[in-house]
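The values are calculated or read from the model by the stated rules, or taken from the named source; none is laboratory data. These numbers come from a predicted model, not from an experiment. Note that we place each Cβ from the backbone using ideal geometry, even for glycine, and neighbour counts take in every protein chain shown. These area figures cover heavy atoms from the full protein model, side chains too; ligands, DNA and RNA do not enter into them. Shrake-Rupley method; radii C 1.70, N 1.55, O 1.52, S 1.80 Å.
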Amino acid sequence: MSNEVEFKRSNAGRTIALFVFMCVMLMTVFIACQDDDDAATTSTTVTALTCSSATFSAEATSGASYSATATVPYSGGNGVTFSAGTGISSTGVTGLTATLQAGTLNSGTGSITYSIAGTPASSGTASFAIAFGGQSCTLSLTVASSSISVSALNCSAATFSAEATSGSSYSGTASVSYTGGNGASYSAGSAISSTGVTGLTATLVAGTLASGSGSVTYTISGTPTSSGTASFAISFGGQSCTLSLTVSASAATADCDSQTGVAKIVCLAEAFKATLSSSQISTLQLDYTFSNAKTWSNLPAALSPRIGIKLGSLSSTQLAAAKALIQEMTGTTTNEGWDEVQQVWLADDYLNANGGGNDYGSGNYYLAFLGTPSTSGTFEILETGHHKTVANTYIDGKLVGATPHFAAVEPVSFTSGSTTYAPISQERDAFVALLASLSSSELSSAKSSSTFTDLVLVPGKEWQFPSTSSGLVCSSLSSGQKELVLNVIKTYTNDIDDDDAAAFLTTYTSELDNTYILYSGTTSMNTKYDYFRIDGPHVWIEFIVAGGVVFPSGVHFHSIWRDRSTDYGGTKN
């Protein structure tokens with residue numbers, strides 16, 4: 001009897017186990033189907049892919065190693081992140097491969113980037129059959145013949161058929177002289193994107209070389225996004241040079257050229273406002289309050305909202321006027337000031353296109369007027385976004401506060417077009433040079449026993465300067481070492497307009513003997529959590545090597561310049 005009971009129990013157990021197993025299997029299939037459905041709804045989609053409007057960062061010549069990028073416009077993007085592709089071999093002219101770079105689609109129009117590398121086997125057209133987001137087209141790169149030969153290409157003497165103005169559509173030609181031409185015929189080239197001032201392309205016009213001296217012609221078209229210099233990296237006949245087109249300020253901002261100092265800042269601010277609608281002005285123009293002034297962050301605007309008008313919402317004319325104002329607020333030193341602002345914006349565009357998505361990009365920076373720009377009274381102009389904040393406070397026609405001034409970059413260096421940028425590396429290099437000048441005992445005095453994982457005075461830590469200074473006091477340094485300290489400070493003061501940069505530097509120089517140096521980690525300043533500080537009666541500078549965010553295996557730099565007396569123009573509440 002007991003055996004019979006045990007037998008029934010055993011059968012019942014097996015039945016239950018089988019039932020459970022079947023339920024699990026059905027649930028697994030259901031979830032898998034749901035995942036498939038989810039994947040289907042989030043697949044990369046565009047409604048059009050326009051290879052015919054693609055631009056290239058450099059020209060190609062048969063038999064010469066080639067490495068560049070191609071930018072292909074699209075429309076109808078659905079905002080989905082996509083991975084890097086596999087190499088697509090060229091046809092027609094063989095020897096090249098095009099590889100899709102990872103990125104995130106805009107919701108609407110935008111562009112995707114392909115890296116192109118290899119050595120073209122002949123002249124003609126290298127074609128790449130690309131398919132993306134449900135659309136396909138043929139990307140065509142013109143490869144010049146290696147039989148075309150010139151002994152010199154003179155970009156510095158180039159002439160242009162028309163002048164360029166920021167924010168205005170441009171269509172003209174550039175004539176570039178050469179010597180040593182060999183009489184060969186050549187085909188039209190592919191469009192080359194401008195750097196520096198972006199928004200333009202240059203395309204070689206077909207022709208025949210003279211046997212000796214002559215000139216080649218490039219058509220230039222597009223809408224320059226700012227004033228300054230639009231540069232094109234051209235290669236022809238075995239020679240290379242940089243073609244430079246000067247882009248003037250818009251008519252509205254040009255009216256301010258006769259002004260100087262804060263009067264010019266006010267004029268450019270009014271010129272910018274003149275391009276805006278009443279609702280846009282309401283978004284831009286806010287009350288001067290400490291609460292508004294401290295609304296900045298080291299996070300993307302999507303994670304830490306900003307105030308003011310979004311640069312990405314502006315028309316080309318409006319954006320050119322905004323940039324003219326920011327350029328006037330910042331310095332002219334190479335790789336500092338306005339150069340640094342533009343390079344940090346480019347770095348954010350690089351993050352946008354290489355896995356960061358729509359939270360990143362130069363269009364996600366903001367501009368705000370706190371108070372009314374005027375040569376009397378108090379106002380602040382605040383430019384802020386992910387990795388750059390410029391906060392200039394003016395009182396009665398003078399720049400009283402240029403801080404907090406925040407600068408950062410990820411990755412620490414990157415390539416845009418055919419140019420490699422490293423916008424915060426000159427600061428890092430100045431720290432390294434200073435630390436290398438110190439003796440072992442001086443390094444011991446300067447080194448902190450603490451490990452820093454972030455800046456001390458991060459956003460939100462307003463007016464919380466340490467009551468006592470730590471590290472190595474500069475009064476003990478040699479004159480050469482003191483000059484290296486000033487070189488560090490200059491990489492920050494040079495971020496503001498040149499005249500005011502000199503005034504701040506004069507103050508900091510007079511206080512140098514009471515200024516301290518402190519560091520933590522290694523003296524190379526390229527290892528995660530390496531930290532450097534300068535702390536004086538007024539000046540406060542911090543730099544840290546942080547871990548990578550969009551590129552987790554790498555590092556990125558965060559840095560801030562503050563002033564113990566003039567942060568926010570002295571406003572504390």
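Listing for the model above:
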quantity	calculated
In Å², nearest 10: area of R533 left accessible to a 1.4 Å probe	20
Leading residue at positive end of dipole, region 408-566 (Cβ point charges), from A436, W463, L484	A436
Label point distance in nm, A131-T419, each placed 7 Å from Cα along Cα→Cβ	3.8
Probe 1.4 Å, accessible area per residue of the chain, Å²	41
Phi to ³J(HN,Hα) by Karplus 6.51 cos²θ - 1.76 cosθ + 1.60 over region 486-495, Hz, x for Gly, Pro	5, 4, 4, 4, 4, 5, 9, 5, 6, 7
T372-E483 pseudo-label distance in nm [points 7 Å out on the Cα-to-Cβ vector]	5.0
Region 156-262 - percent of accessible surface contributed by carbon and sulfur, probe 1.4 Å	46
Rounded to whole Hz, the Karplus (6.51, -1.76, 1.60) HN-Hα couplings of region 468-480, x for glycine and proline	10, 8, 10, x, 9, 7, 6, 4, 8, 8, 6, 4, x
Point-to-point label distance, T242-D498, nm (Cα→Cβ direction, 7 Å offset)	1.9
Electrostatic dipole magnitude of region 450-570 [Cβ: Lys, Arg +1; Asp, Glu -1; Cα centre; debye, to 20]	480
Calculated [θ] (222 nm, deg cm²/dmol) that DSSP helices of n ≥ 4 give over the chain, each run adding -39,500 (n - 2.57)	-8000 deg cm²/dmol
J(HN,Hα) series, region 172-184, from Karplus relation 6.51 cos²θ - 1.76 cosθ + 1.60, nearest Hz, glycine and proline x	x, 10, 10, 10, 10, 7, 9, 10, x, x, 10, x, 7
Beta bridges per DSSP with both ends in the chain, % antiparallel, nearest 5	95
Pairwise centroid distance, computed over Cα atoms, of region 321-389 with region 420-434, Å	20
Among the listed pairs K273/K310; K461/K482; K264/K572; K264/K323, those beyond 24 Å (Cα-Cα)	K461/K482; K264/K572
Theoretical FRET efficiency, 1/(1+(r/R0)^6), r = Cβ-Cβ of A157 and T81, R0 45 Å, to 0.05	0.45
Whole-percent carbon and sulfur share, accessible surface of region 321-471, 1.4 Å	44
Charge dipole (debye, nearest 20) of the chain; +1 at Cβ of Lys and Arg, -1 at Cβ of Asp and Glu	820
Those aspartates and glutamates that a straight Cα-Cα span of less than 20 Å connects to K294, excepting residues fewer than 8 apart in one chain	E380, E383, D454, E462, D495, E542, D563, D567
Straight-distance crosslink candidates among lysines, where the alpha carbon sits under 19 Å from K528 and sequence neighbours closer than 8 are dropped	K447
Relative contact order of region 127-222, defined on C-alpha pairs under 8 angstrom at six or more residues apart (%)	27
Dipole of the chain [Lys/Arg +1, Asp/Glu -1 at C-beta], most positive-end residue of T419, H558, L311	T419
Sites excluded, GluC sites (Glu not before Pro) in DSSP loops with at most 16 other C-beta within 10 Å, longest stretch of the chain	164-510
Nearest-0.05 FRET efficiency for D257 and V549, computed from C-beta distance (R0 41 Å)	0.50
